[in-house]
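As structure tokens, the structure follows; a few thoughts come after it.
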Amino acid sequence: MSDFVRAETVGSLLRPAALLDIRRRARGGEVSEADQRAAEDAAVLQAIELQEAVGLDVITDGEMRRTSWIATVRGPLTGFSMIPGGPGWQWQGTERAAQWSSTPFPFVTERIAVQGDLTQSEYAFLKQHARARTKYCMPAPSYHRTNWHPEHSRTAYPSCEDFLIEIRDYVRTMAREATALGCDYVQLDAPNYGNLCDPDLRAIMEAQGRDLDAELEFDAEIDNSVFEGLAGVTRAMHICRGNAAGNWAASGGYDRIAADLFPRLTLDRLLLEYDTPRSGDFGALRHVGGDTTAVLGLVTTKSGAIEDDGLVEARVREAGAIIPVERLALSPQCGFASVEAGNPLTRDEQHAKLRLVVAVARRVWTGTTG
């Protein structure tokens, strides 16, 4: 589906202090489920108001109902156990990076079962209250490869691919439910591909005996299959390098995966991170398919420093030397709160960054400053 979205955000927004307080008290049994839902409703309404006020072309619910962007394994699906060790990467970026690296990680240990309707609880409210176009973000099936453990998961799923197929079926159901509710923009989030850009992380995975080329081919196919049968829907994917409380997990330019991955993905929009030299140059954009818009994540969400709008515009035009500007768009590099705590910036700084995205997009693609 073609569209003219030029300014968007990736997904999550900073959660209001009132919501964080309600969540904290709810974990202590001091707050009812109804009161927590009311606080989430209020936070989503604030997120809608903010995004519509700054003029984004498509908006989300800010992921206010989630404690993590990967809502599948932390809510509607059972069968996961928190196990120390994690998937093998070390977080970097802030003084709390070591703490995030040592946090137990959810691995599948039993056959998964559905215990709740995530789409109905999230997207229906957004659609009901938004005036702007809306999108729905969900973890890519391929990302869940990180949730399969060769020791702890085999009893439930003999192979990782068996597990991913069942996850794909659930994510595809989410996408179909969202479109039935009126959604015409579905975004898959897939930092697993970003990990494949990092030579150190690749070495860790290869030392485990993994065939990364075969995995990438399988993963691209299974992610594409989420959109089968969805007509009139903008198909999007965001590929990042990890985003947790200002920390990152992977480095390396997209060149390491672009030639093999980008042509395999049947997408309308590909959201990529370019907020740091760790992301490499724009050369990988030459592999983006001719029907796909590349959304440049040039505004960082990992700190509160506000970018110079002239430099952001210049970088868009630099990318335009690789791929026509008409096939480009602009966004922040990732969500502002991929985990509940959020990244180390203020709500005012978040708002300023969103306004900058809109202002630059208007200048580049419409020649206006409004």
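Quick rundown of the values:
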quantity: Region 117-239: C-alpha pair distances exceeding 22 Å, %; calculated: 40
quantity: For the chain, Kirkwood radius (reciprocal of mean inverse C-alpha pair distance, Å); calculated: 20.7
quantity: Against the rule of thumb 2.2 N^0.38 Å, how large the Cα Rg of region 80-187 comes out; calculated: 1.28
quantity: Global geometry of region 242-370, whether rounded, prolate or oblate, following the gyration tensor of its Cα atoms and the 1.5 cut on a/c; calculated: oblate
quantity: Length released on extending from residue 162 to residue 327, taking residue separation times 0.36 nm less the Cα-Cα span; calculated: 55.8 nm
quantity: Cross-link reach list, aspartates and glutamates versus residue 127, counting only Cα pairs under 20 Å and skipping chain neighbours closer than eight places; calculated: 3, 8, 40, 41, 49, 52, 57, 61, 63, 117, 177, 184
quantity: Nitroxide proxy distance, nm - points 7 Å out along Cα→Cβ at residue 259 and residue 314; calculated: 3.1
quantity: Segment residue 154-residue 27, length gained on full extension (0.36 nm per residue, minus Cα span); calculated: 42.5 nm
quantity: Taking N as its residue count, the alpha carbon Rg of region 194-313 over 2.2 N^0.38 Å; calculated: 1.13
quantity: At R0 = 45 Å, FRET efficiency that the Cβ-Cβ distance of residue 102 and residue 132 yields, to 0.05; calculated: 0.65
quantity: With DNA, RNA and ligands ignored, accessible area of residue 149 (1.4 Å probe; Å², nearest 10); calculated: 40
quantity: Protein accessible area in region 159-288, 1.4 Å probe - carbon and sulfur %; calculated: 48
quantity: Proximal lysines to residue 353, defined as alpha-carbon separation beneath 20 angstrom and excluding residues fewer than eight positions away on the same chain; calculated: 135, 302
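The values are calculated or read from the model by the stated rules, or taken from the named source; none is laboratory data. Keep in mind that what you see is a predicted model, and the values were worked out from it rather than measured. Because the Cβ atoms are built from the backbone with ideal geometry, glycine has one as well, and the counts that use them run over all protein chains shown. Note: areas computed on protein heavy atoms with side chains; ligands, DNA, RNA excluded. Shrake-Rupley method; radii C 1.70, N 1.55, O 1.52, S 1.80 Å.
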